[in-house]
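Below is one structure, written out as structure tokens, with a few remarks after it.
Derivation of every value follows stated rules applied to the coordinates shown; laboratory data play no part. Because the structure is predicted, anything quoted here is derived from the model rather than measured. Cβ: placed from backbone, ideal geometry, glycine included. Neighbour counts: every protein chain shown.
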């Protein structure tokens, strides 16, 4: 329990001189997390930096990944899926109103607040998100193609370099399909 924010927190630590650390992605994620304030987006409370490590003090959620819950349940009833999707759409509406595009929506990046409630969704992993500005290529667009099975076709085929909010909508449709059917649509 963090007394300063009166909440349980999780601390994400990143070794800054590690071989797999992309400093631009880390900086991007921190900047985006600092801008957000929505009940269905993971909350960043504070940042601490030492010589070699960056610490992100974030909201702590205990329900696990939507991916794991899907594995346990196999598929969702329509009413249960509607509750989950309503939270996801609310989060995306907020992100898009800020001009942000997530670009990596998938069940592995959706946390559940508690073990008892599947609709208490938190969107995470903003490392490759971007601020959308027409005709501006983001640093990550040169090599980012998303997660196979969740990325829009135009991204996978390199037809589009300027990813807009429609790419998030495509991924959201894939998530809904998996919730209702239990399997990805393109296997």
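Just a few scattered comments:
- Efficiency of FRET between residue 51 and residue 116 - r from beta-carbon atoms, R0 45 angstrom, step 0.05: 0.60
- Beyond 15 Å, the tail of the calculated P(r) for the range 9-59 holds 46 percent of the Cα pairs.
- Two-site FRET efficiency, residue 166 against residue 74, from Cβ-Cβ distance with R₀ of 41 Å, rounded to 0.05: 0.90
- Ranked list, fewest to most other Cβ atoms within 10 Å of each Cβ, for 43, 82, 34: 34, 82, 43
- The fewest-to-most ranking of 177, 76 by surrounding Cβ atoms within 10 Å reads 177, 76.
- Modelled label positions at residue 35 and residue 181, each set 7 Å beyond Cα in the direction of Cβ, lie 3.4 nm from each other.
- Between residue 9 and residue 24, the modelled label-to-label distance comes to 3.0 nm, taking each label 7 Å out from Cα in the direction of the beta carbon.
- Counting neighbouring beta carbons within 10 Å and listing from fewest to most, the residues 100, 121 come out as 100, 121.
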